[in-house]
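Visitor: So that we are looking at the same thing, I have put the structure below in structure tokens.
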Amino acid sequence: MTQDVQTASAVSPKPHVGPDDYPKMYEASVSDPDGFWGEHGKRIDWIKPYTKVKNTSFTPGNIDIRWFEDGTLNVSANCVDRHLETRGDQTAIIWEPDNPADPALHITYRDLHASVCKMANVLKDLGIEKGDRVIIYLPMIPEAAYAMLACARIGAIHSIVFAGFSPDALGARINGCDAKLVITADYAPRGGRETPLKSNTDTALLHCKDSVNCLVVKRTGGQTTWTDRDHDCNALMAEAAPECPVQVMNAEDPLFILYTSGSTGQPKGVVHCTGGYLVYASMTHEIVFDYHEGDIFWCTADVGWVTGHSYIVYGPLANGATTIMFEGVPTFPDAGRFWEVCAKHKVNQFYTAPTAIRALMGAGSEWVEKHDLSDLRILGSVGEPINPEAWNWYNDVVGKGKCPIVDTFWQTETGGHMLTPLPGASKLKPGAAQQPFFGVQPVVLEPTSGDIIEGNGVEGVLCIRDSWPGQMRTVWGDHERFEKTYFSDYKGYYFSGDGCRRDEDGDYWITGRVDDVINVSGHRMGTAEVESALVAHAKVAEAAVVGYPHEVKGQGIYAYVTLMQGEEPSDDLRKELEKWVRTEIGPIAKPDLIQWAPGLPKTRSGKIMRRILRKIAEDDFGALGDTSTLADPSVVDDLIANRMNRS
Ligand code: PRX
């Protein structure tokens, strides 16, 4: 089943890449990366143009990635100042609040410039200098974009913590990058409820250095406590000058750190740098979404995730687009909210996650049909494989069969899209991320031997042969971990952590993570992180966490919990543990199912056999494979008998 996008009437009359252009451009991008990126790097403004383009090494012991390394630029100048002359009065950001009864804001590039400069001056007055780290823990309000761009303007490195994360998770990130300042708000309204961000921050800061300052934005005006380290953002911005010179940054100076879950307990600080990241974010935004001057672009992600960094803020604003920032959720006040916002703001490109599509599909097509979606041209999907049923509903009901769907595969680490169809150039296949973006060289490796699998109709693990400009540069403060995580299993390649299939036509299909990372509603969660939260509870002796198929979330979190001697399982204890994980990490980490396990299946050397736990969680225990190496095979019978997921 394919959708012929060349006949999909909604694609613009002039897609940036036509069907004949793709193979030629792709070939040029991989055979002569210096020539290709040397040319495309010029799409952004440089203070001092680069003379060197690519200088990268995936060699074990010397993982070193540099792009445009002798060029200088400023990201804030690229996303704001350079548009003032040509489109100062054009809307840069449309802010759509949580409550549809409240008015939307239309922020022009000129307004954006003034607000970013004011915020930058406030940061400077608080002693923030080039290279300092600033944590942003904000709702989806314009101040989040101002804060990002203000940091970029003065050369500070921002690290956004999703507003759904707990005080503990926030504190770990403040300490992890030794931040000087946290920017937060009083409350974060979302879906009609309010998260007390300021009070969460106060709790987090109890475990941080006294010198960390806190800049507080007023969102709801709700009551908060005030301490000596707090500063009133609104009052300071009102006094601040609306002009602030930009800091000259080297292309390889860090732009931001974003913490993400891995297969070990500790989230890692993914570092993205200034030049290559911006070139890649802006180019993928323009080409993959068929973006043209005047389009209204909406990515429904939160700026707390990489999708929000690259496709709400940096990519669209570098391209002079109008980008929507949405504070709410898809189902508040009802399941028509996304479509109401699309109609209200005449959205041309709409980019969301399969989990939202599945939830809205479940609510019924009538919610879509109430609204005029005739301005939509391109639909996008990101975060997890999209199942054909959801793809077809998205295509038929939302896109009316005329909007190409770009299923974009990428990661926090990659900075921008890696595998994706291109509107106007690809025949679409529901569920396939299809083909590499320019400069990306996917390879399929045999998981155990690491040998390259050539040809089509094959399956293995997905690695990337060479660097691309948007690639992360290091793990904050731990370059060794960077090498160990991404370059040591398969030497000479970047290892994505995903499995994939290359079909008979040479198109790529992502089959899901092959490490101990699960994908819950398009968000990454390391099973080890949830396990360490569980075992930190006084009544828990041991825990093992795996993913299982979940109708809406893609994967759900299934926890096997062994209690301390003398503790009795109960529904109350189950609720207590759910609440515990919510407070330790955040609501996204709450286990969907908790099974009381008198014992866990272990090898004689004490290693937990996760393969078996996964099978039981999937309710597919007919073929458990070899269990003869288990120390106590009877444990498995008990787990099967008391399994929680019965389809
Ligand atoms: O497993 C892949 C899945 O999401 C992981 C990356 O998660 P994160 O760093 O949080 O970034 C999500 C948004 C870019 C990947 O390793 N993933 C992401 N997009 C897709 C996907 N799986 C299948 N198809 C996709 N389009």
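The values are calculated or read from the model by the stated rules, or taken from the named source; none is laboratory data. Just so it is clear, the model here is predicted, and its values are computed rather than measured. Backbone-built Cβ (ideal geometry, glycine too); neighbour counts: all protein chains shown.
Condition check ((1) away from the ligand (no atom under 16 Å from the Cβ); (2) of a type in the set (S, T, N, Q); (3) within 19 Å of GLY522 (Cβ to Cβ)) across all residues:
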site	(1), (2), (3)
THR264	no, yes, no
PHE289	no, no, yes
GLU293	yes, no, no
VAL303	no, no, yes
GLY308	no, no, yes
GLY315	no, no, yes
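A quick yes/no check of all residues on (1) in contact with a Phe, Trp or Tyr (Cβ under 6 Å, 6 or more places away or on another chain); (2) of a type outside the set (D, E, K, R); (3) free of Cβ contacts under 8 Å to residues at least 60 places away in the same chain:
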| position | (1), (2), (3) |
| --- | --- |
| ILE160 | no, yes, no |
| GLY164 | no, yes, no |
| ILE174 | no, yes, yes |
| ASP202 | no, no, yes |
| VAL212 | no, yes, yes |
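Visitor: Same structure, new question: Just give me the residues in the range 521-562 being touching a residue at least 60 places away in the same chain (Cβ under 8 Å) and over 24 Å from GLY304 (Cα atoms), in sequence order.
Guide: Listed by number, the residues that qualify are ALA544, VAL546, TYR548, PRO549, GLU551, TYR558, TYR560.
Visitor: Filter the range 427-450 down to residues that are within 14 Å of the ligand (Cβ to nearest atom) and in a loop (DSSP other than H, G, I, E, B) and give me whichever is surrounded by the most Cβ atoms within 10 Å (Cβ to Cβ).
Guide: ALA433
Visitor: Of everything in the range 413-426, what is touching a helix residue (DSSP H, G or I) at 6+ places or on another chain (Cβ under 8 Å), polar (S, T, N, Q) and within 12 Å of the ligand (Cβ to nearest atom)? Give them in sequence order.
Guide: Taking the range 413-426 first, the residues touching a helix residue (DSSP H, G or I) at 6+ places or on another chain (Cβ under 8 Å) are 413, 415-417, 420, 422-423, 425-426.
When the remaining residues are screened for being polar (S, T, N, Q), the result is 420, 426.
Hit for the range 413-426 is THR420, nothing else.
Visitor: Starting from the range 363-387, keep only residues that are outside the structural domain of LEU422 (by the TED database) and of a type in the set (S, T, N, Q), then list their pairs with residues that are away from the ligand (no atom under 16 Å from the Cβ) and outside any loop (DSSP other than H, G, I, E, B) whose Cβ atoms are within a distance under 7 Å, requiring at least 6 positions of separation or different chains.
Guide: Taking only residues 6 or more apart or on different chains, the pairs are SER365/VAL397.
Visitor: Being at positive phi and in contact with a Leu (Cβ under 9 Å, 6 or more places away or on another chain) is the filter here, so list the residues in the range 157-208 that pass it.
Guide: If the condition is that a residue be at positive phi and in contact with a Leu (Cβ under 9 Å, 6 or more places away or on another chain), then no residue fits.
Visitor: Tell me which residues, restricted to the range 530-550, are touching a helix residue (DSSP H, G or I) at 6+ places or on another chain (Cβ under 7 Å), over 14 Å from LEU593 (Cα atoms) and outside any strand (DSSP E or B). So that I can check it myself, show each step before the final result.
Guide: Going through the range 530-550, the residues touching a helix residue (DSSP H, G or I) at 6+ places or on another chain (Cβ under 7 Å) turn out to be 530, 533-534, 536-537, 539-540, 542-546, 548.
Those left that are additionally over 14 Å from LEU593 (Cα atoms): 533, 536-537, 539-540, 542.
Hits for the range 530-550 are ALA533, ALA536, HIS537, LYS539.
Visitor: Please enumerate the residues belonging to the range 482-502 that are part of a helix (DSSP H, G or I), within 16 Å of the ligand (Cβ to nearest atom) and of a type outside the set (A, V, I, L, M, F, W, C).
Guide: Across the range 482-502, the qualifying residues are THR485, TYR486.
Visitor: Follow-up. Is it true that ALA92 is on the phi < 0 side of the Ramachandran plot, within 25 Å of the chain's Cα centre (by Cα) and either assigned by the TED database to the domain that holds SER467 or assigned to a strand (DSSP E or B) (or both)? First the steps, then the outcome.
Guide: Working: on the phi < 0 side of the Ramachandran plot: yes; within 25 Å of the chain's Cα centre (by Cα): yes; either assigned by the TED database to the domain that holds SER467 or assigned to a strand (DSSP E or B) (or both): yes.
Criteria met by ALA92.
Visitor: Given the criteria part of a helix (DSSP H, G or I) and among the hydroxyl-bearing types (Ser, Thr, Tyr), does THR583 qualify?
Guide: Judged against the criteria, THR583 is a match.
A quick yes/no check of all residues on (1) β-branched (Val, Ile, Thr); (2) out of contact with any Lys or Arg (no Cβ under 9 Å at 6 or more places or on another chain):
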position	(1), (2)
GLU578	no, no
GLY586	no, yes
GLN595	no, no
GLY599	no, yes
THR603	yes, yes
THR627	yes, yes
VAL635	yes, no
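Visitor: Take LYS575 and tell me if it is of a type in the set (D, E, K, R) and under 25 Å from GLY262 (Cα atoms).
Guide: So LYS575 does not fit the description; no.
Visitor: A follow-up question, please. Does the range 261-282 hold any residues that are in a strand (DSSP E or B) and within 16 Å of CYS79 (Cβ to Cβ), and which are they?
Guide: HIS272, CYS273
Visitor: Right, next: Check off (1) of a type outside the set (S, T, N, Q); (2) surrounded by fewer than 21 Cβ atoms within 10 Å (Cβ to Cβ); (3) within 23 Å of ALA432 (Cβ to Cβ) for ILE518 and give me the number that stays unchecked.
Guide: Failing condition for ILE518: (2).
Visitor: Scan TRP410, TRP393 and give me the residue that is at pLDDT 95 or above and more than 8 Å from the ligand (Cβ to nearest atom).
Guide: Of the residues listed, the single one that is at pLDDT 95 or above and more than 8 Å from the ligand (Cβ to nearest atom) is TRP393.
Visitor: May I pose another question? Condition test on PHE350, is it touching a helix residue (DSSP H, G or I) at 6+ places or on another chain (Cβ under 7 Å), in a strand (DSSP E or B), away from the ligand (no atom under 12 Å from the Cβ) and not hydroxyl-bearing (Ser, Thr, Tyr)? Talk me through it step by step, then tell me what you get.
Guide: Numbers: touching a helix residue (DSSP H, G or I) at 6+ places or on another chain (Cβ under 7 Å): yes; in a strand (DSSP E or B): yes; away from the ligand (no atom under 12 Å from the Cβ): yes; not hydroxyl-bearing (Ser, Thr, Tyr): yes.
Yes: the conditions hold for PHE350.
Visitor: Quick check: anything in the range 213-221 farther than 29 Å from GLU96 by Cβ, at pLDDT 95 or above and assigned by the TED database to the domain that holds LEU278?
Guide: Among the residues of the range 213-221, at least one is farther than 29 Å from GLU96 by Cβ, at pLDDT 95 or above and assigned by the TED database to the domain that holds LEU278, which makes the answer yes.
Visitor: Here is a list of conditions, (1) within 14 Å of the ligand (Cβ to nearest atom); (2) within 20 Å of the chain's Cα centre (by Cα); (3) assigned by the TED database to the domain that holds LYS52, and PRO469 meets all of them except one; can you say which number that is?
Guide: Against the list (1) within 14 Å of the ligand (Cβ to nearest atom); (2) within 20 Å of the chain's Cα centre (by Cα); (3) assigned by the TED database to the domain that holds LYS52, PRO469 comes up short only on (1).
Visitor: Right, here's the next one. Hey, any hits in the range 375-386 for a residue that's over 24 Å from the mean Cα position of the chain (by Cα), away from the ligand (no atom under 15 Å from the Cβ) and assigned to a loop (DSSP other than H, G, I, E, B)?
Guide: yes
Visitor: Only one of these is in contact with a strand residue (DSSP E or B) (Cβ under 8 Å, 6 or more places away or on another chain), modelled with pLDDT of 95 or more and charged (D, E, K, R): ASP102, ASP32, ASP45. Name it. Quick ask: steps written out before the conclusion?
Guide: Values: ASP102 fails: in contact with a strand residue (DSSP E or B) (Cβ under 8 Å, 6 or more places away or on another chain); ASP32 fails: in contact with a strand residue (DSSP E or B) (Cβ under 8 Å, 6 or more places away or on another chain).
Step by step, each of ASP102, ASP32, ASP45 is checked, and only ASP45 is in contact with a strand residue (DSSP E or B) (Cβ under 8 Å, 6 or more places away or on another chain), modelled with pLDDT of 95 or more and charged (D, E, K, R).
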